[in-house]
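In what follows, a single structure is set out as structure tokens and then discussed.
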Amino acid sequence: MKKIYSFIIMALMLCVGFASCSHEEDDLFGESAAQRLNKSVDKYQNLLTSSENGWVMEFLPSDGSYGGYIYTAKFGDEDVTMACDFSLYSTTEEWPAGTELSSKYSVKAEQGVILTFDTYNLLLHYFSEPRGSSDVDGYESDYEFTFLKTSENQDTIYLRGKKYENILKMYKLKDTDSKSFIEETVEMGENLSKVNYQFLKVGDKEYPVEIDGKTFYINDIDSADLEIEKPMFYTPDGFHLYEPISVGGKTFQYFKYDDATGNLVADDNQSSIDLPSATEQFLNPKGNWNFDGDDMCDGLKALYDNLPNFSSSYDFSGAYIGKSTTSFDLGKGYDMVIGINWSFEIFGYQFNSSANYGVELNYDEAAGTIGIKGLGEGSGFSTATKKKVAAPFVNYILDNAPYKATFNEGKIKTQVKLVSANDPSVWFTLKL
């Protein structure tokens, strides 16, 4: 009996102790956990609506293999209007970069404070909606985010995806509007994507780099040629990485485009990714140099206008000088080709056909001319009907080489006029 009374007394003492601790906790914080959470909800709600021009969102889908995307978001009390730096298409509609779409959002309390985009917004939910019955996760991206922290001046908010845990950084859009910000971001991305940047220079070392879409690659030559791959975001100023990298004893994340040089200057204002010369940009292009059918001499124009006559079933798609991707051409050592393309569509399916001729481009620095040397017939060229229209066009270009080059103004070269050094009446214009 005494043991029973002892247990009862101990239980009562524990209950009093817990009650006392709970009271002390309330006194310590001045309010309950629920009250504090509700205050945080109000804080973040007010912060989202406080920016006159809205916010810039750095959104990373999935594991980052698709790169990083820039959004703008203007929050009202219940609605959010968003735009982004990429275009979307369907069979009947298109939404060019910068298109604004509105939907509902909310800030609510769960285990923490959550920002959730409640109703469907194509621009954001595109990355999280199912891609079909066999791909229910889509691009495996979040549309609900937990607030983590804000900067001291309340101009930057850091959130984390609720499911896939990618960090979402938001900062106030200042001194411009959404339309201008997205347009300048898209323009910067398009320009930088056209240049085959080669090296990040750190001190007296050069680290090979590649910018492919919205992904940045660098070979750390100090670590057994270890390749580092990071998703990146374009902005009106240049680009930056989702997270920093360390090479050459320095850490980098932001690269600013220098209008005066065309170089991409890194965080330390000393290291840089230098812009190749105009000639190097032409000889080693990121994309294809496309023939402008409306800007060439009469002799070449007549041959160009004959290229559609390959077949009455196919539509002429254009001609270019650029890198081949076919195994046939690469197997014969034809890295560069003069390519001619045709296509036709039936029942919604498009079929392509091409005729490639291997070429070698070179620059004679002493003469200041660009040579185009024929190497041989490439993929699809030997087909009799294609060869009949393609060979005269290709031979005209090869027979009148080398050429003097005049590039567009600006550091990044997207257009060049080639004039025959032997016969100035022969000329044509190429565009990236």
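The values are calculated or read from the model by the stated rules, or taken from the named source; none is laboratory data. Here the structure is a predicted model, which means the values were calculated and not measured. Glycine gets a Cβ as well: all are built from the backbone with ideal geometry, and neighbour counts include every protein chain shown. With ligands, DNA and RNA removed, areas are computed over all heavy atoms of the protein, side chains included. Shrake-Rupley method; radii C 1.70, N 1.55, O 1.52, S 1.80 Å.
When you scan region 34-147 for strands (runs of 3 or more DSSP E) that lie fully inside it, which ones turn up with 1 or more residues that are buried (at least 20 other Cβ atoms within 10 Å of the Cβ) and not β-branched (Val, Ile, Thr)?
Once the strands (runs of 3 or more DSSP E) in region 34-147 are filtered for at least 1 residues that are buried (at least 20 other Cβ atoms within 10 Å of the Cβ) and not β-branched (Val, Ile, Thr), what remains is 55-59, 69-75, 79-84, 113-116.
Can you find a residue in region 243-255 that is open to solvent by 10 Å² or more (accessible area, probe 1.4 Å), touching a Leu at 6+ places or on another chain (Cβ under 9 Å) and outside any strand (DSSP E or B)?
Within region 243-255, the subset open to solvent by 10 Å² or more (accessible area, probe 1.4 Å) is 243-244, 246, 248-251, 253-254.
This time we only want the ones that are touching a Leu at 6+ places or on another chain (Cβ under 9 Å), so: 248, 253-254.
When the remaining residues are screened for being outside any strand (DSSP E or B), the result is 248.
Within region 243-255 (the criterion being open to solvent by 10 Å² or more (accessible area, probe 1.4 Å), touching a Leu at 6+ places or on another chain (Cβ under 9 Å) and outside any strand (DSSP E or B)), the answer is yes, since at least one residue qualifies.
Return yes when residue 374 is over 18 Å from residue 285 (Cβ atoms) and more than 34 Å from the chain's Cα centre (by Cα) and no when it is not.
yes
If residue 390 passes every condition in (1) of a type outside the set (Val, Ile, Thr); (2) modelled with pLDDT of 95 or more; (3) within 19 Å of residue 284 (Cα to Cα) but one, which one does it miss?
Every condition holds for residue 390 apart from (3).
Of all residues in region 226-242, which are surrounded by 13 or more Cβ atoms within 10 Å (Cβ to Cβ), in contact with a strand residue (DSSP E or B) (Cβ under 6 Å, 6 or more places away or on another chain) and not aliphatic (A, V, I, L, M)?
Across region 226-242, the qualifying residues are 229, 230, 231, 233, 237, 238, 239, 240, 242.
With the condition being farther than 30 Å from residue 91 by Cα and of a type outside the set (A, V, I, L, M, F, W, C), I'd like the strands (runs of 3 or more DSSP E) fully within region 316-432 carrying at least 1 qualifying residues.
In region 316-432, 349-364, 369-377, 403-407, 415-420, 427-431 are the strands (runs of 3 or more DSSP E) which contain 1 or more residues that are farther than 30 Å from residue 91 by Cα and of a type outside the set (A, V, I, L, M, F, W, C).
Taking the criterion of being out of contact with any His (no Cβ under 7 Å at 6 or more places or on another chain), of a type outside the set (Asp, Glu) and in a loop (DSSP other than H, G, I, E, B), would at least one residue in region 176-191 satisfy it?
Looking through region 176-191, at least one residue is out of contact with any His (no Cβ under 7 Å at 6 or more places or on another chain), of a type outside the set (Asp, Glu) and in a loop (DSSP other than H, G, I, E, B).
Looking at (1) free of Cβ contacts under 8 Å to residues at least 60 places away in the same chain; (2) surrounded by 15 or more Cβ atoms within 10 Å (Cβ to Cβ), which is the only condition residue 152 fails?
(2)
Just checking, which of 285, 276 is within 27 Å of residue 409 (Cβ to Cβ) and either modelled with pLDDT of 95 or more or over 25 Å from the mean Cα position of the chain (by Cα) (or both)?
Step by step, each of 285, 276 is checked, and only 276 is within 27 Å of residue 409 (Cβ to Cβ) and either modelled with pLDDT of 95 or more or over 25 Å from the mean Cα position of the chain (by Cα) (or both).
When you go through 406, 429, 325 one by one, which is the residue that is within 31 Å of the chain's Cα centre (by Cα) and without any contact (Cβ under 8 Å) to a residue 12 or more places away in the chain?
325
Here is a yes/no grid of residues against (1) open to solvent by 40 Å² or more (accessible area, probe 1.4 Å); (2) hydroxyl-bearing (Ser, Thr, Tyr); (3) over 19 Å from the mean Cα position of the chain (by Cα):
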position	(1), (2), (3)
170	no, no, no
182	no, no, no
185	no, yes, no
189	no, no, no
192	no, no, no
211	no, no, no
214	no, no, no
224	yes, no, yes
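Could you list all residues from region 338-366 that are among the aliphatic types (A, V, I, L, M) and either modelled with pLDDT of 95 or more or touching a helix residue (DSSP H, G or I) at 6+ places or on another chain (Cβ under 7 Å) (or both)?
The answer is 338, 340, 355, 359, 361.
Out of (1) without any contact (Cβ under 8 Å) to a residue 24 or more places away in the chain; (2) closer than 15 Å to residue 85 by Cα; (3) in contact with a strand residue (DSSP E or B) (Cβ under 6 Å, 6 or more places away or on another chain), what's the single condition that is false for residue 190?
Residue 190 satisfies every listed condition except (3).
Just one of the numbered conditions (1) at pLDDT 95 or above; (2) over 22 Å from residue 288 (Cβ atoms) is not true of residue 234; which one?
The number of the failed condition is (2).
Would you tally the residues in region 54-80 being free of Cβ contacts under 8 Å to residues at least 60 places away in the same chain and either hydroxyl-bearing (Ser, Thr, Tyr) or closer than 11 Å to residue 178 by Cβ (or both)?
The number of residues fulfilling the criteria is 1.
Looking at region 194-206 only, could you name the residues that are open to solvent by 50 Å² or more (accessible area, probe 1.4 Å), touching a residue at least 24 places away in the same chain (Cβ under 8 Å) and outside any loop (DSSP other than H, G, I, E, B)?
Answer for region 194-206, where residues must be open to solvent by 50 Å² or more (accessible area, probe 1.4 Å), touching a residue at least 24 places away in the same chain (Cβ under 8 Å) and outside any loop (DSSP other than H, G, I, E, B): 199, 201, 205.
Answer yes if at least one residue in region 398-406 is surrounded by fewer than 17 Cβ atoms within 10 Å (Cβ to Cβ), among the charged types (D, E, K, R) and modelled with pLDDT under 95, and no otherwise.
no
Hey, any hits in region 331-351 for a residue that's hydroxyl-bearing (Ser, Thr, Tyr), more than 28 Å from residue 406 (Cβ to Cβ), surrounded by fewer than 16 Cβ atoms within 10 Å (Cβ to Cβ) and in contact with a Ser or Thr (Cβ under 6 Å, 6 or more places away or on another chain)?
Checked region 331-351: at least one residue is hydroxyl-bearing (Ser, Thr, Tyr), more than 28 Å from residue 406 (Cβ to Cβ), surrounded by fewer than 16 Cβ atoms within 10 Å (Cβ to Cβ) and in contact with a Ser or Thr (Cβ under 6 Å, 6 or more places away or on another chain).
Could you give me the residue pairs with C-beta distances under 9 Å whose first residue belongs to region 90-112 and is over 23 Å from residue 159 (Cα atoms) and modelled with pLDDT of 95 or more, whose second residue is loosely packed, with under 13 Cβ neighbours inside 10 Å and of a type in the set (Gly, Ala, Ser) wherever it lies, and which are 6+ apart or on separate chains?
What qualifies is 95/87; 96/87; 97/87; 98/87; 99/87.
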